[in-house]
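Quick note: the coordinates plus some simple rules give every number you see, no bench work behind them. The structure presented is a predicted model; accordingly, all values stated were derived computationally and were not measured. With ideal geometry, Cβ positions are generated from the backbone for all residues, glycine too; neighbour counts draw on all protein chains shown.
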Amino acid sequence: MSDAGTVIEVRRQDKADRIGVMLDELYPTQPIPLDHTDPYTLLVAVALSAQTTDKKVNEVTPALFAVADTPEKMAALGPERILELIRQIGLAPTKAQNLWTAAGQIIAAGGEIVPDYAFLESLAGVGHKTASVVMSQGFGIPAFAVDTHIHRLARRWGLSDGTSVEKTERDLKKVFPRDEWNRRHLQIIFFGREYCPALRHDFAQCPICSWASTKKQALLERTPKPARRR
């Protein structure tokens, strides 16, 4: 953004290249936010993280994993006991039932988490984003898991039109090389938490939005929304 507050349009691929350099400088290492010991405990942690902070998940999972760090142990607990252990998590009753059901599905399929989207997305409570995180962080397979934070930043930066999470994923995969997907996913999340909040965001002070944002998006978020009538 120029001194006059006018966003300078930059070609999408050029933006992505410049953003990638900045993200590598800001976050040369990318610790995985959710504590886990293997693909199964990662799957559980990611499933629990929906509408819940990573911090809260990491506070709850030690007690859960102490008694159920395998599908067999999780299935043996039953949904009521699982609920007791994760009660502080948002949507706990539904998640407890899903964890128990998914454990049974995994056991029926051989007892192992396998790096296959069809298998992962067939499990109770596991959608494409959760499956992508497990593929990426659990198995090291390139994937670009798009959550609401990445969806928002990709739209702000003009890397995607933001019409859907699925389209945002496709758009980001086009502008970032495949061998960068795993770290870009985490870097964008870290950047969003540190510099680019959802509400009351100052585009002019943001290290990336200040030059990468589209004119339309900058104007849209600077314009106060009308108060709702009661």
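Just a few scattered comments:
- Lys95 meets the conditions (1) of a type in the set (Lys, Arg); (2) free of Cβ contacts under 8 Å to residues at least 12 places away in the same chain; (3) crowded, with 19+ Cβ neighbours inside 10 Å in every case but one. The failed one is (2).
- Test: residue in the range 175-187 that is assigned to a loop (DSSP other than H, G, I, E, B) and either under 14 Å from Gly20 (Cα atoms) or without any contact (Cβ under 8 Å) to a residue 40 or more places away in the chain (or both): yes
- With respect to the conditions (1) surrounded by fewer than 15 Cβ atoms within 10 Å (Cβ to Cβ); (2) within 16 Å of the chain's Cα centre (by Cα); (3) outside any helix (DSSP H, G or I), Gly111 lacks only one, and its number is (2).
- Among the conditions (1) touching a helix residue (DSSP H, G or I) at 6+ places or on another chain (Cβ under 9 Å); (2) exposed (fewer than 15 other Cβ atoms within 10 Å of the Cβ); (3) not in a loop (DSSP other than H, G, I, E, B); (4) not aliphatic (A, V, I, L, M), the only one that Lys129 does not satisfy is (2).
- Selection status of Asp161, touching a Lys or Arg at 6+ places or on another chain (Cβ under 9 Å) and not in a helix (DSSP H, G or I): yes
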